[in-house]
Amino acid sequence: MNLSTDAWIPIVWIEGKSGIVSLREAFERGHRIQDLAVRPHERIALMRLLICIAQAALDGPADYDDWEGCRSRIVSLAVDYLQRWRHVFELFGTGQRFLQLPNLNKAPTKSTRGDDDEGNSTSKFDLALATGNNTTLFDNAGGSERPFTSGKLALMLTTFQCFSPGGRIGVALWNGQETAGKGSSDHAPCLAGGMLHALVRGENLLATLHKNLLAKRQAEQLFGQNSWGMPIWELMPKELGDAKAVRNANHTYLGRLVPLTRAIWLADDCRSLILANGLEYGSYAEDGWREPSATIVTRTVKGQPMRVVLPASIDKAAWRELHVLTVKSVSQHTNGGPAVLQNISDEEAFDLWVGALVSNQAKPVDTIESVFHVPAAMLTETSQKVYEKGVRLAETTEFRVRRAVSAYHKELGDNLDRPEMKNRRRQVQSNAAVQFWTDIERAVPRLMEVAAAPECLGLKSEWHKTAWGQTVWRTAHAAYERACPHETPRQLCAYVMGLKTLFGAPAEQAEVETEKEAE
(Lines give C-alpha, C1' and ligand atoms only; values in the text may rest on other atoms or scores of the structure.)
Protein backbone atom coordinates (compact mmCIF):
# COMPACT_ATOMS: atom_id res chain seq x y z
CA MET A 1 0.00 0.00 0.00
CA ASN A 2 1.53 3.27 -1.15
CA LEU A 3 -0.39 6.40 -0.16
CA SER A 4 0.82 8.36 -3.17
CA THR A 5 -0.49 5.93 -5.81
CA ASP A 6 -3.12 3.71 -4.11
CA ALA A 7 -6.62 5.03 -3.44
CA TRP A 8 -7.49 5.71 0.22
CA ILE A 9 -8.90 9.26 0.53
CA PRO A 10 -12.75 9.41 0.49
CA ILE A 11 -14.05 12.28 -1.67
CA VAL A 12 -17.13 13.61 -3.46
CA TRP A 13 -16.83 14.46 -7.16
CA ILE A 14 -18.22 17.68 -8.61
CA GLU A 15 -21.19 15.78 -10.03
CA GLY A 16 -22.08 14.46 -6.56
CA LYS A 17 -20.81 10.88 -6.74
CA SER A 18 -18.59 9.48 -4.01
CA GLY A 19 -15.15 8.05 -4.69
CA ILE A 20 -11.73 7.21 -3.29
CA VAL A 21 -8.47 8.69 -4.58
CA SER A 22 -4.73 8.51 -3.94
CA LEU A 23 -2.62 11.48 -2.96
CA ARG A 24 -1.53 11.87 -6.56
CA GLU A 25 -5.12 11.83 -7.83
CA ALA A 26 -6.15 14.32 -5.15
CA PHE A 27 -3.84 16.81 -6.86
CA GLU A 28 -4.27 15.73 -10.49
CA ARG A 29 -8.08 15.70 -10.28
CA GLY A 30 -8.49 18.26 -7.51
CA HIS A 31 -10.37 20.62 -9.82
CA ARG A 32 -13.03 17.91 -10.27
CA ILE A 33 -13.27 16.96 -6.60
CA GLN A 34 -15.97 18.89 -4.78
CA ASP A 35 -14.83 18.02 -1.28
CA LEU A 36 -13.43 15.43 1.09
CA ALA A 37 -16.04 12.94 2.41
CA VAL A 38 -14.67 12.42 5.92
CA ARG A 39 -15.35 13.25 9.56
CA PRO A 40 -14.21 16.63 10.96
CA HIS A 41 -10.96 15.48 12.59
CA GLU A 42 -10.10 13.39 9.52
CA ARG A 43 -10.64 16.45 7.32
CA ILE A 44 -8.22 18.50 9.39
CA ALA A 45 -5.56 15.77 9.27
CA LEU A 46 -5.95 15.22 5.51
CA MET A 47 -5.86 18.94 4.76
CA ARG A 48 -2.66 19.29 6.77
CA LEU A 49 -1.10 16.43 4.78
CA LEU A 50 -2.16 17.89 1.41
CA ILE A 51 -1.03 21.37 2.43
CA CYS A 52 2.33 20.02 3.58
CA ILE A 53 2.92 18.23 0.27
CA ALA A 54 1.87 21.27 -1.76
CA GLN A 55 4.04 23.69 0.22
CA ALA A 56 7.06 21.38 0.11
CA ALA A 57 6.63 20.93 -3.65
CA LEU A 58 6.33 24.69 -4.19
CA ASP A 59 9.04 25.48 -1.65
CA GLY A 60 6.75 28.35 -0.84
CA PRO A 61 4.98 30.48 -1.88
CA ALA A 62 7.43 33.19 -0.87
CA ASP A 63 4.98 36.04 -0.29
CA TYR A 64 1.44 37.20 -1.08
CA ASP A 65 2.18 37.96 -4.74
CA ASP A 66 3.70 34.52 -5.18
CA TRP A 67 0.69 32.98 -3.41
CA GLU A 68 -1.71 34.67 -5.82
CA GLY A 69 0.03 33.17 -8.84
CA CYS A 70 1.03 29.74 -7.56
CA ARG A 71 -2.28 27.89 -8.03
CA SER A 72 -1.47 26.94 -11.62
CA ARG A 73 1.82 25.35 -10.49
CA ILE A 74 0.50 23.26 -7.60
CA VAL A 75 -0.58 20.17 -9.55
CA SER A 76 2.52 19.61 -11.68
CA LEU A 77 4.95 20.32 -8.84
CA ALA A 78 3.02 18.18 -6.33
CA VAL A 79 2.87 15.23 -8.74
CA ASP A 80 6.61 15.48 -9.37
CA TYR A 81 7.23 15.73 -5.63
CA LEU A 82 5.13 12.64 -4.88
CA GLN A 83 7.00 10.70 -7.53
CA ARG A 84 10.35 11.78 -6.11
CA TRP A 85 9.39 10.88 -2.55
CA ARG A 86 7.19 7.90 -3.40
CA HIS A 87 9.21 5.53 -1.20
CA VAL A 88 8.35 7.39 2.05
CA PHE A 89 4.60 6.90 1.56
CA GLU A 90 4.66 3.12 1.93
CA LEU A 91 2.34 1.84 4.68
CA PHE A 92 4.10 -1.52 4.96
CA GLY A 93 7.44 -3.00 3.91
CA THR A 94 11.00 -3.12 5.16
CA GLY A 95 12.02 0.39 4.09
CA GLN A 96 10.90 3.76 5.42
CA ARG A 97 7.21 3.71 6.29
CA PHE A 98 4.74 6.57 6.44
CA LEU A 99 4.56 8.00 9.99
CA GLN A 100 6.03 4.86 11.53
CA LEU A 101 9.29 4.18 13.34
CA PRO A 102 11.59 1.32 12.34
CA ASN A 103 13.31 -0.84 14.94
CA LEU A 104 10.40 -0.36 17.34
CA ASN A 105 9.89 -3.17 19.84
CA LYS A 106 7.90 -3.64 23.00
CA ALA A 107 9.89 -2.95 26.16
CA PRO A 108 10.21 -6.38 27.83
CA THR A 109 9.51 -5.21 31.40
CA LYS A 110 7.30 -2.18 30.78
CA SER A 111 5.26 -3.02 27.71
CA THR A 112 2.03 -3.28 29.69
CA ARG A 113 2.33 0.20 31.11
CA GLY A 114 -0.80 2.06 29.92
CA ASP A 115 -2.06 -1.03 28.07
CA ASP A 116 -5.59 -2.42 28.23
CA ASP A 117 -7.34 -5.47 26.86
CA GLU A 118 -6.95 -4.13 23.31
CA GLY A 119 -3.57 -2.47 23.75
CA ASN A 120 -2.15 -3.81 20.48
CA SER A 121 -5.24 -3.49 18.27
CA THR A 122 -5.32 -1.13 15.30
CA SER A 123 -8.87 -0.22 16.38
CA LYS A 124 -7.15 2.25 18.74
CA PHE A 125 -6.52 4.43 15.68
CA ASP A 126 -10.22 5.18 15.17
CA LEU A 127 -11.16 7.54 17.98
CA ALA A 128 -14.87 6.90 17.41
CA LEU A 129 -14.64 3.17 18.14
CA ALA A 130 -15.06 1.51 21.53
CA THR A 131 -11.52 0.47 22.38
CA GLY A 132 -9.93 0.43 25.80
CA ASN A 133 -11.41 3.37 27.73
CA ASN A 134 -13.61 4.70 24.91
CA THR A 135 -17.35 4.42 25.40
CA THR A 136 -19.43 1.67 23.80
CA LEU A 137 -22.46 3.95 23.49
CA PHE A 138 -22.38 4.06 19.69
CA ASP A 139 -20.21 1.02 19.04
CA ASN A 140 -21.30 -2.35 20.37
CA ALA A 141 -18.40 -4.22 18.76
CA GLY A 142 -15.94 -3.11 21.44
CA GLY A 143 -13.68 -5.91 22.59
CA SER A 144 -13.89 -7.86 19.34
CA GLU A 145 -11.12 -8.13 16.79
CA ARG A 146 -11.71 -5.82 13.85
CA PRO A 147 -10.31 -6.09 10.34
CA PHE A 148 -9.34 -2.91 8.49
CA THR A 149 -8.35 -2.37 4.89
CA SER A 150 -4.98 -0.82 4.13
CA GLY A 151 -6.72 2.32 2.87
CA LYS A 152 -8.74 2.70 6.07
CA LEU A 153 -5.59 2.18 8.14
CA ALA A 154 -3.82 4.93 6.21
CA LEU A 155 -6.62 7.38 7.02
CA MET A 156 -6.76 6.26 10.66
CA LEU A 157 -2.97 6.54 11.07
CA THR A 158 -2.81 10.04 9.57
CA THR A 159 -5.65 11.24 11.79
CA PHE A 160 -4.36 9.53 14.94
CA GLN A 161 -0.98 11.23 14.72
CA CYS A 162 -2.77 14.61 14.63
CA PHE A 163 -5.47 13.95 17.25
CA SER A 164 -4.31 11.22 19.62
CA PRO A 165 -5.50 12.19 23.13
CA GLY A 166 -3.06 12.22 26.01
CA GLY A 167 -3.04 9.78 28.90
CA ARG A 168 -1.36 6.52 29.89
CA ILE A 169 0.39 4.73 27.06
CA GLY A 170 2.69 1.76 26.56
CA VAL A 171 6.47 2.04 26.58
CA ALA A 172 8.48 0.65 23.66
CA LEU A 173 12.12 0.39 22.68
CA TRP A 174 13.16 2.48 19.68
CA ASN A 175 16.60 1.43 18.50
CA GLY A 176 17.10 -0.01 21.97
CA GLN A 177 16.13 3.20 23.78
CA GLU A 178 12.90 3.64 25.77
CA THR A 179 10.33 5.92 24.16
CA ALA A 180 9.64 9.26 25.84
CA GLY A 181 7.08 10.04 28.50
CA LYS A 182 7.65 7.12 30.90
CA GLY A 183 4.23 5.68 30.09
CA SER A 184 2.29 8.96 29.81
CA SER A 185 1.54 11.19 26.85
CA ASP A 186 0.24 14.66 26.02
CA HIS A 187 -2.46 15.56 23.52
CA ALA A 188 -1.41 15.55 19.87
CA PRO A 189 -0.92 19.05 18.34
CA CYS A 190 -4.41 19.31 16.82
CA LEU A 191 -6.12 18.43 20.12
CA ALA A 192 -4.01 20.56 22.48
CA GLY A 193 -6.15 23.11 24.30
CA GLY A 194 -9.27 21.49 22.81
CA MET A 195 -8.74 23.83 19.85
CA LEU A 196 -11.40 24.76 17.35
CA HIS A 197 -9.99 24.57 13.81
CA ALA A 198 -10.96 26.78 10.88
CA LEU A 199 -10.19 26.42 7.17
CA VAL A 200 -11.15 28.58 4.20
CA ARG A 201 -13.19 26.56 1.69
CA GLY A 202 -13.02 26.97 -2.09
CA GLU A 203 -15.21 25.83 -4.98
CA ASN A 204 -13.29 22.55 -5.29
CA LEU A 205 -10.51 20.68 -3.48
CA LEU A 206 -7.71 22.33 -5.45
CA ALA A 207 -9.13 25.78 -4.71
CA THR A 208 -9.53 24.91 -1.03
CA LEU A 209 -5.95 23.71 -0.90
CA HIS A 210 -4.67 26.91 -2.51
CA LYS A 211 -6.66 29.14 -0.14
CA ASN A 212 -5.07 27.45 2.88
CA LEU A 213 -1.42 27.79 1.87
CA LEU A 214 0.80 30.03 3.97
CA ALA A 215 3.53 32.14 2.43
CA LYS A 216 7.05 31.94 3.87
CA ARG A 217 6.80 35.55 4.95
CA GLN A 218 3.61 34.78 6.90
CA ALA A 219 5.22 31.74 8.50
CA GLU A 220 8.12 33.89 9.69
CA GLN A 221 5.69 36.35 11.29
CA LEU A 222 3.76 33.59 13.02
CA PHE A 223 6.50 31.17 13.99
CA GLY A 224 9.75 33.15 13.91
CA GLN A 225 12.87 33.01 11.75
CA ASN A 226 14.09 29.69 10.32
CA SER A 227 10.72 28.12 11.10
CA TRP A 228 9.73 26.92 7.62
CA GLY A 229 11.37 23.50 7.90
CA MET A 230 10.58 20.42 5.86
CA PRO A 231 8.05 17.56 6.05
CA ILE A 232 8.93 14.97 8.64
CA TRP A 233 9.38 12.24 6.00
CA GLU A 234 12.24 14.25 4.45
CA LEU A 235 14.13 14.33 7.75
CA MET A 236 12.87 11.37 9.76
CA PRO A 237 14.35 11.17 13.29
CA LYS A 238 16.60 8.16 13.75
CA GLU A 239 16.38 8.31 17.57
CA LEU A 240 15.17 10.63 20.32
CA GLY A 241 18.63 12.19 20.47
CA ASP A 242 18.55 13.17 16.79
CA ALA A 243 18.39 16.87 17.69
CA LYS A 244 18.24 18.32 14.17
CA ALA A 245 15.46 16.02 12.99
CA VAL A 246 13.47 16.36 16.24
CA ARG A 247 13.65 20.14 16.12
CA ASN A 248 12.47 20.12 12.52
CA ALA A 249 9.57 17.88 13.51
CA ASN A 250 8.27 19.88 16.46
CA HIS A 251 9.51 23.45 15.91
CA THR A 252 8.95 24.17 12.21
CA TYR A 253 5.83 24.88 10.19
CA LEU A 254 6.14 22.03 7.67
CA GLY A 255 7.51 19.62 10.26
CA ARG A 256 4.49 20.03 12.55
CA LEU A 257 1.83 19.86 9.84
CA VAL A 258 2.08 16.06 9.78
CA PRO A 259 3.28 15.16 13.29
CA LEU A 260 4.84 12.03 14.74
CA THR A 261 3.03 12.22 18.07
CA ARG A 262 3.05 8.46 18.64
CA ALA A 263 5.69 5.81 18.02
CA ILE A 264 3.90 3.24 15.83
CA TRP A 265 4.75 0.12 13.88
CA LEU A 266 1.96 -1.69 12.05
CA ALA A 267 1.89 -5.46 11.81
CA ASP A 268 1.44 -6.86 8.32
CA ASP A 269 -1.90 -8.44 9.32
CA CYS A 270 -3.50 -4.94 9.55
CA ARG A 271 -4.91 -5.91 12.95
CA SER A 272 -2.16 -5.26 15.48
CA LEU A 273 0.58 -2.74 16.16
CA ILE A 274 3.19 -1.48 18.56
CA LEU A 275 2.10 1.83 20.09
CA ALA A 276 4.04 4.13 22.40
CA ASN A 277 4.72 7.81 22.94
CA GLY A 278 6.41 9.58 20.04
CA LEU A 279 7.92 13.04 19.79
CA GLU A 280 6.90 15.78 22.20
CA TYR A 281 5.07 18.78 20.73
CA GLY A 282 4.70 22.00 22.67
CA SER A 283 1.36 23.81 22.59
CA TYR A 284 0.44 27.49 22.46
CA ALA A 285 0.03 27.50 26.24
CA GLU A 286 3.46 25.93 26.75
CA ASP A 287 5.78 27.56 24.24
CA GLY A 288 3.59 29.86 22.14
CA TRP A 289 3.50 27.65 19.04
CA ARG A 290 0.46 28.66 17.03
CA GLU A 291 -1.23 26.03 14.89
CA PRO A 292 -2.19 27.75 11.60
CA SER A 293 -5.86 26.69 11.79
CA ALA A 294 -6.31 27.71 15.44
CA THR A 295 -7.88 30.91 16.79
CA ILE A 296 -6.24 32.86 19.61
CA VAL A 297 -8.42 34.80 22.07
CA THR A 298 -7.93 36.59 25.39
CA ARG A 299 -9.59 34.94 28.37
CA THR A 300 -9.41 35.58 32.09
CA VAL A 301 -7.40 32.81 33.77
CA LYS A 302 -7.03 32.97 37.56
CA GLY A 303 -8.01 36.62 37.48
CA GLN A 304 -5.47 37.56 34.82
CA PRO A 305 -6.01 38.18 31.07
CA MET A 306 -4.23 35.53 29.04
CA ARG A 307 -4.04 34.57 25.39
CA VAL A 308 -5.29 31.03 24.84
CA VAL A 309 -6.45 28.77 22.03
CA LEU A 310 -10.18 29.09 21.37
CA PRO A 311 -11.58 25.71 22.46
CA ALA A 312 -14.31 23.75 20.71
CA SER A 313 -17.53 23.08 22.60
CA ILE A 314 -20.53 20.83 22.11
CA ASP A 315 -22.61 23.20 24.26
CA LYS A 316 -21.77 26.46 22.48
CA ALA A 317 -22.20 26.47 18.71
CA ALA A 318 -19.32 27.83 16.65
CA TRP A 319 -21.42 30.64 15.09
CA ARG A 320 -21.38 32.36 18.48
CA GLU A 321 -17.61 32.77 18.10
CA LEU A 322 -17.56 33.99 14.51
CA HIS A 323 -16.58 37.51 15.56
CA VAL A 324 -13.25 36.16 16.88
CA LEU A 325 -12.80 33.52 14.20
CA THR A 326 -12.73 36.23 11.52
CA VAL A 327 -10.11 38.49 13.12
CA LYS A 328 -6.99 38.66 10.96
CA SER A 329 -3.95 37.78 13.06
CA VAL A 330 -0.62 39.34 12.14
CA SER A 331 1.87 37.65 14.45
CA GLN A 332 2.43 34.81 16.87
CA HIS A 333 1.26 36.88 19.83
CA THR A 334 -1.85 38.61 18.49
CA ASN A 335 -5.43 37.47 18.71
CA GLY A 336 -7.15 36.20 15.60
CA GLY A 337 -8.49 33.34 13.55
CA PRO A 338 -6.76 31.03 11.05
CA ALA A 339 -3.54 32.45 9.65
CA VAL A 340 -4.69 32.20 6.02
CA LEU A 341 -7.29 34.93 6.57
CA GLN A 342 -4.42 37.25 5.65
CA ASN A 343 -4.86 35.99 2.08
CA ILE A 344 -8.54 37.00 1.97
CA SER A 345 -9.36 40.39 0.47
CA ASP A 346 -11.42 42.76 2.62
CA GLU A 347 -13.83 43.00 -0.31
CA GLU A 348 -14.27 39.25 -0.80
CA ALA A 349 -16.97 37.07 0.77
CA PHE A 350 -15.74 33.57 1.59
CA ASP A 351 -16.74 30.21 3.06
CA LEU A 352 -15.26 29.27 6.41
CA TRP A 353 -15.28 25.63 7.56
CA VAL A 354 -15.04 25.22 11.34
CA GLY A 355 -14.65 21.90 13.14
CA ALA A 356 -12.98 19.93 15.90
CA LEU A 357 -12.73 16.76 17.89
CA VAL A 358 -14.03 17.49 21.39
CA SER A 359 -12.51 15.49 24.23
CA ASN A 360 -12.87 15.26 27.97
CA GLN A 361 -9.28 14.88 29.16
CA ALA A 362 -8.12 11.65 27.47
CA LYS A 363 -11.53 10.54 26.18
CA PRO A 364 -13.00 11.71 22.84
CA VAL A 365 -16.56 12.98 23.33
CA ASP A 366 -17.85 14.11 19.94
CA THR A 367 -16.98 15.88 16.71
CA ILE A 368 -18.43 19.18 15.53
CA GLU A 369 -18.37 21.07 12.24
CA SER A 370 -20.07 24.03 10.55
CA VAL A 371 -19.70 25.97 7.32
CA PHE A 372 -20.36 29.70 7.21
CA HIS A 373 -20.69 31.98 4.21
CA VAL A 374 -18.97 35.05 5.62
CA PRO A 375 -19.57 38.50 4.15
CA ALA A 376 -16.45 40.53 3.45
CA ALA A 377 -17.47 43.12 6.05
CA MET A 378 -16.98 40.54 8.82
CA LEU A 379 -13.23 41.00 8.41
CA THR A 380 -13.55 44.55 9.77
CA GLU A 381 -13.48 45.44 13.46
CA THR A 382 -16.73 47.40 13.29
CA SER A 383 -18.73 44.47 11.92
CA GLN A 384 -17.09 42.04 14.32
CA LYS A 385 -18.16 44.18 17.28
CA VAL A 386 -21.71 44.44 15.96
CA TYR A 387 -21.84 40.68 15.46
CA GLU A 388 -20.55 40.15 19.01
CA LYS A 389 -23.30 42.42 20.36
CA GLY A 390 -25.87 40.44 18.40
CA VAL A 391 -24.61 37.22 19.96
CA ARG A 392 -24.71 38.91 23.35
CA LEU A 393 -28.34 39.85 22.74
CA ALA A 394 -29.18 36.20 22.15
CA GLU A 395 -27.26 35.11 25.25
CA THR A 396 -29.00 37.60 27.56
CA THR A 397 -32.33 36.63 26.04
CA GLU A 398 -31.60 32.96 26.69
CA PHE A 399 -31.02 33.86 30.34
CA ARG A 400 -34.38 35.57 30.42
CA VAL A 401 -35.96 32.38 29.10
CA ARG A 402 -34.33 30.44 31.93
CA ARG A 403 -35.56 32.87 34.57
CA ALA A 404 -39.04 32.96 33.03
CA VAL A 405 -39.27 29.17 33.26
CA SER A 406 -38.25 29.34 36.93
CA ALA A 407 -40.86 32.03 37.60
CA TYR A 408 -43.52 29.84 35.97
CA HIS A 409 -42.63 26.84 38.15
CA LYS A 410 -42.43 28.96 41.29
CA GLU A 411 -45.97 30.22 40.73
CA LEU A 412 -47.09 26.59 40.51
CA GLY A 413 -45.46 25.83 43.86
CA ASP A 414 -42.35 24.21 42.37
CA ASN A 415 -39.66 26.64 43.55
CA LEU A 416 -36.61 25.80 41.46
CA ASP A 417 -34.49 28.50 43.09
CA ARG A 418 -34.04 26.54 46.30
CA PRO A 419 -30.44 25.25 46.73
CA GLU A 420 -31.55 21.62 46.91
CA MET A 421 -33.29 22.02 43.52
CA LYS A 422 -30.11 22.98 41.70
CA ASN A 423 -29.95 19.90 39.47
CA ARG A 424 -33.64 19.93 38.65
CA ARG A 425 -33.48 23.68 37.90
CA ARG A 426 -30.65 23.14 35.44
CA GLN A 427 -32.50 20.33 33.71
CA VAL A 428 -35.79 22.24 33.37
CA GLN A 429 -34.13 25.46 32.27
CA SER A 430 -31.78 23.67 29.88
CA ASN A 431 -34.66 22.07 27.99
CA ALA A 432 -35.99 25.52 27.11
CA ALA A 433 -32.50 26.93 26.45
CA VAL A 434 -31.59 24.11 24.06
CA GLN A 435 -34.80 24.70 22.14
CA PHE A 436 -34.02 28.43 21.96
CA TRP A 437 -30.49 27.90 20.59
CA THR A 438 -31.61 25.22 18.15
CA ASP A 439 -34.23 27.52 16.65
CA ILE A 440 -32.19 30.72 16.66
CA GLU A 441 -29.29 29.12 14.79
CA ARG A 442 -31.39 29.08 11.63
CA ALA A 443 -31.48 32.88 11.74
CA VAL A 444 -27.70 33.45 11.90
CA PRO A 445 -27.67 34.83 8.30
CA ARG A 446 -29.91 37.66 9.61
CA LEU A 447 -27.25 38.52 12.19
CA MET A 448 -24.57 38.54 9.49
CA GLU A 449 -26.73 40.96 7.49
CA VAL A 450 -26.77 43.36 10.42
CA ALA A 451 -23.01 42.98 10.91
CA ALA A 452 -22.42 43.66 7.22
CA ALA A 453 -24.52 46.83 7.38
CA PRO A 454 -24.16 48.13 10.96
CA GLU A 455 -25.71 51.48 10.05
CA CYS A 456 -29.13 49.77 10.11
CA LEU A 457 -28.90 49.69 13.91
CA GLY A 458 -28.95 53.45 14.23
CA LEU A 459 -27.09 55.45 16.83
CA LYS A 460 -28.92 53.79 19.72
CA SER A 461 -28.31 50.17 18.63
CA GLU A 462 -32.01 49.50 18.08
CA TRP A 463 -31.86 45.73 17.71
CA HIS A 464 -35.64 45.43 17.95
CA LYS A 465 -35.90 47.05 14.52
CA THR A 466 -33.69 44.43 12.86
CA ALA A 467 -34.71 41.01 11.55
CA TRP A 468 -32.21 39.43 13.95
CA GLY A 469 -33.56 41.20 17.02
CA GLN A 470 -37.15 40.36 16.14
CA THR A 471 -36.26 36.72 15.53
CA VAL A 472 -34.46 36.50 18.89
CA TRP A 473 -37.57 37.59 20.77
CA ARG A 474 -39.95 35.43 18.73
CA THR A 475 -37.72 32.43 19.32
CA ALA A 476 -37.48 33.16 23.06
CA HIS A 477 -41.26 33.39 23.30
CA ALA A 478 -41.70 30.13 21.40
CA ALA A 479 -39.16 28.30 23.58
CA TYR A 480 -40.86 29.57 26.75
CA GLU A 481 -44.29 28.61 25.45
CA ARG A 482 -43.23 25.05 24.67
CA ALA A 483 -41.58 24.64 28.07
CA CYS A 484 -44.54 26.00 30.07
CA PRO A 485 -48.00 24.42 29.46
CA HIS A 486 -50.89 26.88 29.93
CA GLU A 487 -54.16 24.99 29.67
CA THR A 488 -55.56 25.03 33.24
CA PRO A 489 -56.34 28.23 35.19
CA ARG A 490 -53.35 27.69 37.51
CA GLN A 491 -51.06 27.13 34.54
CA LEU A 492 -52.39 30.28 32.84
CA CYS A 493 -51.62 32.37 35.92
CA ALA A 494 -48.12 30.90 36.12
CA TYR A 495 -47.65 31.43 32.38
CA VAL A 496 -48.46 35.14 32.71
CA MET A 497 -46.00 35.52 35.59
CA GLY A 498 -43.32 33.93 33.49
CA LEU A 499 -44.08 36.26 30.57
CA LYS A 500 -43.57 39.26 32.86
CA THR A 501 -40.11 37.93 33.69
CA LEU A 502 -39.33 37.17 30.06
CA PHE A 503 -40.26 40.58 28.68
CA GLY A 504 -40.07 42.80 31.75
CA ALA A 505 -36.47 42.73 33.03
CA PRO A 506 -34.29 45.58 31.81
CA ALA A 507 -31.64 44.36 29.40
CA GLU A 508 -28.82 45.73 31.57
CA GLN A 509 -30.00 43.76 34.59
CA ALA A 510 -30.31 40.60 32.50
CA GLU A 511 -26.69 40.97 31.40
CA VAL A 512 -25.49 41.36 34.99
CA GLU A 513 -27.45 38.30 36.05
CA THR A 514 -26.09 36.33 33.12
CA GLU A 515 -22.52 37.06 34.23
CA LYS A 516 -23.33 36.04 37.82
CA GLU A 517 -24.92 32.80 36.62
CA ALA A 518 -21.80 32.02 34.53
CA GLU A 519 -19.59 32.51 37.58
Exercise. Which of (i) 329; (ii) 147; (iii) 176 is the computed volume of the Cα convex hull per residue in Å³ for the structure on display?
Worked result: (iii)
Problem set entry | Portion, in percent, of the accessible area of the stretch 274-351 that falls on carbon or sulfur, probe 1.4 Å | 50
Exercise. Label point 7 Å out from residue 301 along Cα-to-Cβ: which residues of the stretch 310-351 have amide N under 13 Å?
Worked result: 310-311
Problem set entry | Cysteines not pairable in the chain (beta carbon separation under 4.7 Å absent) | 52, 70, 270, 456, 484, 493
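How much length would be gained if the chain were fully extended between residue 490 and residue 182, taking 0.36 nm per residue of separation minus their Cα-Cα distance, in nm to one decimal? Mind dumping the intermediate values first?
Values: separation 308, 0.36 × 308 = 110.88 nm, distance 6.47 nm.
Extra length available between residue 490 and residue 182 comes to 104.4 nm.
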For this session: Could you let me know the centre-to-centre spacing of the stretch 394-440 and the stretch 1-51, using Cα atoms, in angstrom?
Result: 46
Exercise. Taking the Cα atoms only, what angle lies between the long axis of helix 422-440 and the longest principal axis of the chain, rounded to 10 degrees?
Worked result: 80
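Relative contact order for the stretch 276-419: what percent, with Cα pairs under 8 Å and sequence separation of 6 or more?
Relative contact order comes out at 17 percent.
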Exercise. By accessible area of protein heavy atoms, probe 1.4 Å, what ranking do 468, 13 get, highest first?
Worked result: 13, 468
Exercise. What order do you get for 193-205, 146-158, 485-497 when each peptide is scored by the mean count of other beta carbon atoms within 10 Å, highest first?
Worked result: 193-205, 146-158, 485-497
Seminar exercise, completed: To the nearest 10 degrees, the tilt of helix 507-518 (Cα long axis) against the first principal axis of the alpha carbons of the chain is 50
Problem set entry | Descending semi-axes in Å of the stretch 1-78, equivalent ellipsoid built from Cα gyration tensor | 22, 14, 13
Exercise. Put +1 on the Cβ of every Lys and Arg and -1 on every Asp and Glu Cβ in the chain; which of 270, 478, 214 then has its Cα farthest towards the positive end of the dipole?
Worked result: 478
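Residues with beta-carbon under 14 Å from that of residue 371, excluding residue 371: net charge, scoring Lys, Arg +1 and Asp, Glu -1?
For residues surrounding residue 371, the net value is -2.
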For this session: Compute the distribution of all C-alpha to C-alpha distances in the stretch 147-280, in bins of 10 Å from 0, and list the percent of pairs in each, rounded to whole numbers.
Result: 11, 33, 38, 15, 2
Exercise. Can you give the FRET efficiency for residue 15 and residue 313, using 1/(1 + (r/R0)^6), R0 = 35 Å, r = Cβ-Cβ distance, to the nearest 0.05?
Worked result: 0.45
Problem set entry | Estimated [θ] at 222 nm from DSSP helical runs (n ≥ 4, -39500 (n - 2.57)) normalised by residues in the chain, nearest 500 | -12000 deg cm²/dmol
Exercise. Cα extents of the stretch 464-505 along the three principal axes, largest first, in whole Å?
Worked result: 36, 19, 11
Exercise. Which whole-number percent gives the relative contact order of the stretch 239-298, counting Cα pairs below 8 Å spaced six or more residues apart?
Worked result: 23
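Could you tell me the relative contact order of the chain? Use alpha-carbon pairs under 8 Å, at least six residues apart, and round to a whole percent. Intermediate results must be reported in sequence, preceding the final value.
Values: 960 pairs, mean separation 67.3, N = 519.
Relative contact order for the chain comes out at 13 percent.
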Exercise. Roughly how many nanometres apart are two label points built 7 Å out from the Cα toward the Cβ at residue 150 and residue 474?
Worked result: 5.7
Exercise. Which log10 I(q)/I(0) values, to two decimals, does the stretch 341-499 give at q = 0.14 Å⁻¹ under the Debye formula with one point per Cα?
Worked result: -0.86
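Which whole-number value in Å² is the accessible area per residue of the stretch 144-230, probe 1.4 Å? Numbers along the way, then the final one.
Values: 3000 Å² over 87 residues.
For the stretch 144-230, the per-residue accessible area is 34 Å².
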Problem set entry | Solvent exposure of the stretch 317-441 as accessible area per residue, Å², 1.4 Å probe | 43
Problem set entry | Added length on full extension, which subtracts the Cα-Cα distance from 0.36 nm per residue, residue 92 to residue 347 | 87.0 nm
For this session: Using the structure shown, select from 211/385; 244/328; 182/328; 316/422 the pairs with a Cα to Cα distance greater than 31 angstrom.
Result: 244/328; 182/328
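The values are calculated or read from the model by the stated rules, or taken from the named source; none is laboratory data. Treat the numbers as computed from the prediction; the structure is a model and nothing was measured. Don't worry about glycine lacking a Cβ; one is built from the backbone with ideal geometry, like all the others, and counts go over all protein chains shown. These accessible areas exclude ligands, DNA and RNA; they are computed on the full protein's heavy atoms, side chains included. Shrake-Rupley method; radii C 1.70, N 1.55, O 1.52, S 1.80 Å.
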